[in-house]
Every structure is written in C-alpha cells, then in structure tokens.
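Bear in mind that the values in this text are calculations on the coordinates, not laboratory data. Predicted model only: the values in this text are computed from it and were never measured. Here the Cβ is made from the backbone with ideal geometry for all residues, glycine too, and neighbour counts use every protein chain on show.
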Amino acid sequence: MIKQGGSGNELRNGEQFEEMTLNLCVLTPNRIVWDSEVKEIILSTNSGQIVVLPNHAPIATAVDIGILRIRLNDQWLTMALMGGFARIGNNEITVLVNDAEANERLS
C-alpha cells in the first residue's frame, strides 16, 4: 500500500520510492527550448488537449497552436506552442514546433 508521507511518498514498510518522470524535449527549427525531466504535461492537439503521464501509450499527434503546461514536482509552468508534431513513447516526449515562447519563469 502507498501512503503520502510528510517527506515524500512511502511504502507501507517506510521505504521511499521515486515518482516516475518523463523526458520532455521541445524543439524549434532554430533552438532547443526545453530538454529536461517532467512529471506530467498537458498538450494542445488538433483533436483537443491530452494529458501525458509516465507510461502513456505510444502516439504521434499534430500539435495545435496553444499552451503547453508542464508539471515539475508541485509547480506548473507554461509555454506557448505555434503548431507542429509530437511523438510520445517509452516515457519520452519529443515536440517539434514551428516556434515556442517560454514563460519567463522557464528561462
């Protein structure tokens, strides 16, 4: 059984475990905008928003113009994406977009 402990997540016998992460890479033709581990993302696609958590089913999708939401631990960050494509699989997310504008908190 898993319980929420004061210093993080713990198993019943008190052993600590690490929460799984995703490797997110956001690329434009001119630069690498983001390349780091994240806990979760919310991505705007042509068919609506999708939430991507660790062990998500592999997919490739068109990315719509919209906001990418990135969760790092308990903090959410945002990034404007200007359309492109995303590939999700094996806990790796690669987002190729025409342009991206990161919130100043990401810089």
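Observations on the structure shown:
- Stretch gain in nm, segment Asn103-Asn46, where the contour uses 0.36 nm per residue and the Cα spacing is subtracted: 18.3 nm
- Long-range amide H partners of Asn91 with built H, under 5 Å: Asn55, His56
- Each peptide in 27-40, 89-102 gets a packing score, the mean of other Cβ atoms within 10 Å over its residues, and the list from highest to lowest is 89-102, 27-40.
- For a label point 7 Å along the Cα-to-beta-carbon line of Asn23, residues of region 57-98 with backbone N under 12 Å: 89-94
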